[in-house]
Amino acid sequence: MRQHAKVRRAAAGAHKSGWIAGYAIGAGVVAAVAALVSAILGYAQSIANEAPKINAALKDAERNTAPLAALRTTVDDASAIVGGLQRGRARLGG
């Protein structure tokens, strides 16, 4: 009987060390995830701080490029003028 008791105690000790190793690995994983989440939140905060500046720059760019919408009208008018000049030159024999 005593041999069986020793085997049981040895098996219980091995089982207990498995739990300890599992808890240690689990704690390491949780710590790593916490560090990664912390870094991601830090980057998100810096992006949030820059967003108003980026938005203001985009609004300035939109305001500064708005006159380009009328460029198509200018090109069409210039094309009509050049076409008229070419027809006039052709009639004059030039």
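Assuming a ≥ b ≥ c are the square roots of the Cα gyration tensor eigenvalues, decide whether the range 11-94 counts as rounded (a/c under 1.5), prolate (otherwise, with a/b larger than b/c) or oblate. Prolate, because a/c is 1.5 or more and a/b exceeds b/c.
Potential lengthening of the chain between Ala56 and Tyr23 amounts to 6.9 nm, from the contour at 0.36 nm per residue minus the alpha-carbon distance.
Throughout, read-outs are computed from the coordinates displayed, never taken from laboratory work. Everything quoted here is computed from the prediction, not taken from an experiment.
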